Amino acid sequence: MKCYSIMETQHNLAKVLREVDCGESVTITRRKKPVAKLVPIEEDETTFPDFNARARKTWSGDWKGASSDDLVAESRGSR
């Protein structure tokens, strides 16, 4: 794992992010003490949350609204 100071990270942010994008974890330090860790995002973290399930949970299963997929499809129409 690579370590960069805050100043190095500020001046070379694009380089640091390229390393993280390639799968490398990076530790950011302040006065040689770790303060943050940058890690690559796992693929399953990029999915959208299920708002319909959240609404059913919030309203105890009484949710009768449309799902987000239905709303998006309706707004797009036939293209």
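The table below gives the values:
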| quantity | calculated |
| --- | --- |
| Interchain or long-range residues, amide H under 5 Å from S5's placed H | T29 |
| Which of T58, T9 has the fewest Cβ neighbours within 10 Å, and the rest in rising order | T58, T9 |
| Integer Hz, Karplus 6.51/-1.76/1.60 couplings in order for segment 37-42, x for Gly and Pro | 9, 9, 10, x, 6, 6 |
| Fraction of antiparallel bridges per DSSP, segment 2-41 only, in percent to nearest 5 | 55 percent |
| Nearby lysines by direct alpha-carbon distance to K2 (threshold 26 angstrom, same-chain neighbours under 8 apart not counted) | K15, K32, K33, K37 |
| Efficiency of FRET between K37 and T58 - r from beta-carbon atoms, R0 25 angstrom, step 0.05 | 0.15 |
| HN-Hα J in Hz across segment 12-17 - Karplus 6.51, -1.76, 1.60, θ = phi - 60°, x for Gly and Pro | 10, 4, 4, 5, 4, 5 |
| Relative contact order (%) - the chain, alpha-carbon pairs under 8 angstrom, separation at least six | 20 percent |
| Under 15 Å, Cβ to Cβ, from I28 - net charge with Lys/Arg +1 and Asp/Glu -1 | +4 |
| Cα shape, segment 2-41, gyration tensor, a/c 1.5 rule | oblate |
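Throughout, read-outs are computed from the coordinates displayed, never taken from laboratory work. Predicted model, so just to flag it, every value in this text is computed and none were measured. For neighbour counting, all protein chains shown are included, and Cβ atoms are generated from backbone atoms with ideal geometry for every residue, glycine included.
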